[in-house]
1. What pairs can you find where one residue is in region 210-221 and within 12 Å of V47 (Cα to Cα), the other is open to solvent by less than 70 Å² (accessible area, probe 1.4 Å) and part of a strand (DSSP E or B), and their Cβ atoms are less than 9 Å apart, with a gap of 6+ or different chains?
2. From the residues in region 268-286 that are exposed (fewer than 15 other Cβ atoms within 10 Å of the Cβ) and part of a helix (DSSP H, G or I), which one is farthest from the chain's Cα centre (by Cα)?
3. Taking the residues in region 32-75 that are open to solvent by 60 Å² or more (accessible area, probe 1.4 Å) and not charged (D, E, K, R) as candidates, determine which candidate is nearest to P102 (Cα to Cα).
4. Being out of contact with any Leu (no Cβ under 7 Å at 6 or more places or on another chain), among the aliphatic types (A, V, I, L, M) and either open to solvent by 10 Å² or more (accessible area, probe 1.4 Å) or modelled with pLDDT of 95 or more (or both) narrows it down to one of A176, A195, so name that one.
5. Would region 206-213 turn up any residue that is within 15 Å of the chain's Cα centre (by Cα), within 20 Å of P147 (Cα to Cα) and either polar (S, T, N, Q) or open to solvent by 50 Å² or more (accessible area, probe 1.4 Å) (or both)?
6. Restricting to region 76-94, what's the tally of residues that are open to solvent by less than 10 Å² (accessible area, probe 1.4 Å) and at positive phi?
7. Which of the residues spanning region 246-264 are within 17 Å of L364 (Cβ to Cβ) and open to solvent by less than 20 Å² (accessible area, probe 1.4 Å)?
8. Among the polar types (S, T, N, Q) and in contact with a Gly (Cβ under 8 Å, 6 or more places away or on another chain): is that true of S371 in this structure?
Amino acid sequence: MPAVQVYFYAGRGDEEAMQTSTEDETQRLVKEGARGFVAARHSLARVRQMRAVESGYEREVWSALAEAGWLGLRVPEALGGGAMSVRETVALCEVFGEVLLPEPFVACALVPSMLVAGSANATLRATLLPGIVGGSRVLTLAWQEKPFELEPGSCEATLVVTGSGLKLSGTKRFVAAAVGADGYLVTCKRDGTLALVHVPSSAAGITLTPHRLIDGSVAATLVFEDVALTAADVLAEGTGAGALLGRTLDEATLAVSAMLLAQAAQALKTSIDYLKQRVQFGRAIGTFQALQHRAVDLAIQCTLAGAALRHAVNGYEVQPAAACPDISAAKALCSRAADRVARVAIQMHGGIGYTDAADIGLYLKSAVRLSAYLGTPQAHLRRFMTVQAAV
């Protein structure tokens, strides 16, 4: 066996063995189902095709995700969902990350379904949740207003009581998948108290400015100018809103970390496959010791990031409120692993790696975007240090 294959099995192989040892039957079945789904409906060529789609993804595939039961994965069974754990969410996102699925599962399925399902507003929950789980209603969370924000409670958008109801005003930035969405879940303050409201995209007073991101997905800046709402549009308020948002964003961060980790592992696998095939000076370049050492270094980074993610998931399941620093550590390490592996992988491919036709470049673009989504590595490291210093 060529030396590069030995390194490959010692790196990626051990990581797969460790993952297998920690997966239960449900997680395995989730992954098998997800891999069958993406094999039938997705390819890396489709990632490039979505650059020409206004929303960055296809509603037909979104409906197929709903039919497969993925959109309500974390929704209680009594509310029409799958009632699965965060481990199944992580397992599913590993598969979606591995193939760079453009559909915004975290932004428009996991986050809104958890927020709506956890709302005390039973009427609004009954109105919104079936559409979210069934794929006919696409919602996205609008919560960030400044770069590097991690806390939803720091918002400056206001919800003012008027004679006819409520009026929402403020600006939200970096809103994922806002283009084509049917509505927004918006964080704001009413009399200084945090609130979460539902705003239909058709409401008067909304200005949407889209931004095409590096990987072809689309985010937007939303400006709300005296948007008329009623008390029935309020999903949560006060400490309940803060707790619901915090728990949801923590799970979403774990899901994104899983996608980043899977991207790093797949980018490394793609590169090692290329090293085995590319011949120079009469030898496969994978036999060159310098490249073998780089591959081992990348495999170690993937292993460390994977360990951090598993530790965070374990901690979150035991005590969600105390898992914040571990979740931030996992996001930072998975982000850096995905970015580092993709950059070195492009170099390993040589000149062809820098072309748009090379699939390896898609992994770097996705890593850049997902590393910033729900908090940059630097922001999460700052939060980790702040929490640890307070202990």
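1. S217/A176
2. Of everything passing the filter in region 268-286, Q277 is farthest from the chain's Cα centre (by Cα).
3. Among those residues, the one meeting the criterion is Q49.
4. Just one listed residue meets the conditions, A176.
5. Yes - at least one qualifying residue is present in region 206-213.
6. The qualifying residues number 0.
7. V256, L260, L261, A262, Q263, A264
8. So S371 fails the test.
The values are calculated or read from the model by the stated rules, or taken from the named source; none is laboratory data. What you see is a predicted model, and the numbers here were worked out from it, not measured in a lab. All Cβ positions, even for glycine, are placed from backbone atoms using ideal geometry, and neighbour counts span all protein chains on display. Side chains are part of the model used for accessible areas, which takes the heavy atoms of the whole protein and leaves out ligands, DNA and RNA. Shrake-Rupley method; radii C 1.70, N 1.55, O 1.52, S 1.80 Å.
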